[in-house]
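Q: Following this message is one structure expressed as C-alpha cells.
The values are calculated or read from the model by the stated rules, or taken from the named source; none is laboratory data. Just so it is clear, the structure is predicted and the values come from calculations on it, not from any experiment. FYI the Cβ positions are ideal-geometry reconstructions off the backbone, even for glycines, and counts take in every protein chain you see.
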Amino acid sequence: MAGMRCDVLIVGGGVGGCAAAQALAVSGLTVVMTEPTAWIGGQLTNQMVPPDEHPWIETHGSSLRYRTFRESIRDYYRAHEALTLEARRNRILNPGGGWVSRLCFAPEIGVKVLEESFRATLVTGRLKILKQHVPLAADVAGDEVKAVTFRNESDGSESTIEPRIILEASEVGDLLPLAGIEYRIGSEARAETGEPQAGEFADSTNVQSFTWVIAVASEPGHTQDPSEPENYRKWKEFAPVEWPFPQLDWRYYDRRERTERPFDLYGGPGLGLFSYRQVVWPEHFTDNRPPASLVNWPQNDFQGGGIVDVPDEEKVASLNGARELSLSLLYWLQTDAPRPDGGVGFPELRAAPEFSGTPDGLAMAPYIREGRRIRARHTIREQDVSADANPGLVSAPPMPRAVGIGAYRIDLHPGAQGQPGLDASCLPFQIPLGALLPERVTNVIAAGKCLGTTHITNGCYRLHPVEWVIGEVAGLLAAQCLKGNLTPGQVYEDDILFGEFEDRLRREGVEFAWPTLRAL
C-alpha cells in the first residue's frame, strides 16, 4: 500500500476544494487534493451546473479569487473560442446567455481554467491532485485524524495520506463517518433549532433531492434517432408525493403555495426552460454551433430515494434511477412533450456529450445539493438569515467571528422521499468561522457544503460562490495554523489570533461585511 505525507489534505476537488487549493498555492506548504471523478470543479464542471449567483457578483459579495476565476472563464473564451467581435468586446460576456447566472459556460472550459490556475504549483511538487480517488477509511487518535486511506478507482490500488490538517470539501461529507466526526443529516425539529419553518419532528431522510444533469443541444436535422430509455414508461407516469400530475410535465407543482407553475421549452405559454442554464448562445459565435443547455430542471429532481447514509442497495437504485429519469426526460422532450402548436415532441433535441466528457451526455457525477453537515461550534439557523425572521433589516444580523459573505434565497428542493421543499427570502449574510469547525475534532476544517448549517440554511449556503468562499477561508486558515503551530480552534477562540486572521483575509481579498443591500 502506497503512502505519503503532506501538510494539508483536501478531501474533494469540487468548488470548495479548488478554492482551498488556490488559497494554499503560495503558502509553501505541501498539499494533496483528492477527487473521485476525472474532472476537478464539482458543481461547476463534473456536475454541470452553471453558477447560481446573487445579483451583485460582478463587483462584490464573494472574494477576489472567485471573481478572478469568473474573469478567467471570459478570458479563455476570448482567447480560444470563435467569438463574434461584439461578444469579444463584451466586458460582462455570458457565453451561453443562460438566465440563471451572468456567466453560463461549458463545463470543460471551467476544468481548463481551474487546472491552469494550479499549473505553477503542480510544477513545484507542492501540490498533488489525485483524481478518481475515493476515501475508504481514516486513522483517528483521540480528537485528531492522523491519516486517510483512498482507493484509486482507475486501477483499484490503495494509498494512505498522513496530513497535519484536513479540509473536508467532498460533496456529501465523505470523511465524517469514516473518522467518527459528529454530524447531522436531514431536517431538524423546530424544538431543536427554533427555526420557524422547521417541522415538528426531525427527519433524517429529508435530504434535498439530487439531480443527474444532462447536456442537450437543439440542432434541427441531426441524424441521431432517439431510442426509448430503460424504464421510460415508469418515469413517464411517475408522480412525486402530493403532485397531482406526473413529474414529466410542463406543469410544476409548488407544494408550499398549492399552485401550478407553467413551463415551456423555448418560452411561450410558460417560462422557457431551455435558456435557463444555456451554455451556448449561437449569436456569440461565428462557427454556427447549435444552442446547448444543461438540463437541471424540476422535471429531473430525483425524488425516488436517497444516496447518503442509506443501504448500498438503495444508493445504487437511486443513482441508477436518477440517470434513467434524466434520460427519460430527454426522450419525453424529443417524442411526447406537448408543443405550443398542438403537436408533440421536439425532434431537434439531442444529447450533447461534447459538454459532459461522457458518452451519453449525462454529467460525470450527480449534482448533490445536501449531504452530511458537521456538528459545529456555531450552527447557522433560519433566524440568522431569513428576511421574514428579521423584518426591517437589509442584511442579516452580524455573525460572530465572520470570515466571509454570501447571498442567495433559501432554496430547498423537495426531499429525497418527496418531502416538500421551501423557497424563502434571505438577507445577504456573513459566514461565521465557528460553522467551519467541528465541535470536537481539532485538525479538520469544513471546506464545502458540510459546514454547520441546518437543513433549512443549507438551502442558501450550498451555492457556488458561497462554497468557494468557505473553501478559500478554510485554506487560508490551514495555512495560518500550520505557520504558527496553532489549531483552528485556537484561532477561533483567541481575539488576537482571530484579529490576525481577519487581517490576512482582508489582504487576500476575502470580503466579510456587506454594504447596504436588499433581501433576495
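Q: What about Leu248, is it assigned to a loop (DSSP other than H, G, I, E, B) and crowded, with 16+ Cβ neighbours inside 10 Å?
A: yes
Q: Among (1) outside any helix (DSSP H, G or I); (2) crowded, with 23+ Cβ neighbours inside 10 Å, which single condition is Asp411 missing?
A: Against the list (1) outside any helix (DSSP H, G or I); (2) crowded, with 23+ Cβ neighbours inside 10 Å, Asp411 comes up short only on (2).
Q: Okay, next question. Condition test on Phe118, is it surrounded by 14 or more Cβ atoms within 10 Å (Cβ to Cβ), in contact (Cβ under 8 Å) with a residue 60 or more places away in the chain and touching a His at 6+ places or on another chain (Cβ under 8 Å)?
A: no
Q: Being crowded, with 24+ Cβ neighbours inside 10 Å and hydroxyl-bearing (Ser, Thr, Tyr) is the filter; apply it to segment 30-46 and report the residue that is nearest to Val111 (Cα to Cα).
A: Selected residue: Thr45.
Q: Report yes if Pro262 is touching a Phe, Trp or Tyr at 6+ places or on another chain (Cβ under 9 Å) and either in the same structural domain as Gly342 (by TED's automatic domain parsing) or among the aliphatic types (A, V, I, L, M) (or both), otherwise no.
A: So Pro262 passes the test.
Q: Somewhere in segment 481-504, is a residue touching an Asp or Glu at 6+ places or on another chain (Cβ under 6 Å) and assigned by TED's automatic domain parsing to the domain that holds Gly12?
A: The answer is yes; a qualifying residue exists.
Q: Do any strands (runs of 3 or more DSSP E) lying entirely in segment 253-316 carry at least 1 residues that are at pLDDT below 95, and which ones are they?
A: 259-264
Q: Quick test of your reading of the structure: Thr84 fulfils all but one of (1) in contact (Cβ under 8 Å) with a residue 24 or more places away in the chain; (2) of a type in the set (S, T, N, Q); (3) touching a Lys or Arg at 6+ places or on another chain (Cβ under 9 Å). Name the failing condition by number.
A: Unmet condition: (3).
Q: Of everything in segment 36-61 that's of a type in the set (Ser, Thr, Tyr) and at pLDDT 95 or above, which residue is farthest from Glu508 (Cα to Cα)?
A: Ranking the qualifying residues of segment 36-61, first place goes to Thr37.
Q: Got a number for residues in segment 191-238 being of a type in the set (D, E, K, R), outside the structural domain of Tyr276 (by TED's automatic domain parsing) and surrounded by 13 or more Cβ atoms within 10 Å (Cβ to Cβ)?
A: 3
Q: Yes or no: segment 280-300 includes at least one residue that is aliphatic (A, V, I, L, M), closer than 18 Å to Gly345 by Cα and in contact (Cβ under 8 Å) with a residue 24 or more places away in the chain.
A: yes
Q: Restricting to segment 494-516, name every residue that is of a type in the set (A, V, I, L, M, F, W, C), part of a loop (DSSP other than H, G, I, E, B) and either loosely packed, with under 13 Cβ neighbours inside 10 Å or at pLDDT 95 or above (or both).
A: Ala513
Q: Right, something else. Restricting attention to segment 47-97, and to residues there that are in a loop (DSSP other than H, G, I, E, B) and of a type in the set (Val, Ile, Thr), which single residue is surrounded by the fewest Cβ atoms within 10 Å (Cβ to Cβ)?
A: Among them, the one singled out is Thr59.
Q: Are there any pairs, at least 6 apart or on different chains, whose C-beta atoms fall under 8 Å, with the first in segment 347-372 and touching a residue at least 24 places away in the same chain (Cβ under 8 Å) and the second acidic (Asp, Glu) and buried (at least 22 other Cβ atoms within 10 Å of the Cβ), and if so, which?
A: Listed by first residue and then by second, the contacts come to Ala365/Glu171; Ile368/Glu171; Gly371/Glu171.
Q: Moving to a separate point now. So if I check each of Leu433, Leu463, Leu437, Leu412, which one is among the aliphatic types (A, V, I, L, M), closer than 12 Å to Gly16 by Cβ and touching a His at 6+ places or on another chain (Cβ under 9 Å)?
A: Sole residue among the options that is among the aliphatic types (A, V, I, L, M), closer than 12 Å to Gly16 by Cβ and touching a His at 6+ places or on another chain (Cβ under 9 Å): Leu463.
Q: Here's another thing I want to ask about it. Report whether or not Arg251 is in the same structural domain as Phe346 (by TED's automatic domain parsing), in contact with an Asp or Glu (Cβ under 8 Å, 6 or more places away or on another chain), more than 24 Å from Ala365 (Cβ to Cβ) and free of Cβ contacts under 8 Å to residues at least 12 places away in the same chain.
A: So Arg251 does not fit the description; no.
Q: Right, something else. From Ile445, Ile456, Ile368, which residue is at pLDDT 95 or above and within 30 Å of Pro353 (Cα to Cα)?
A: When all the criteria are applied, what remains is Ile368.
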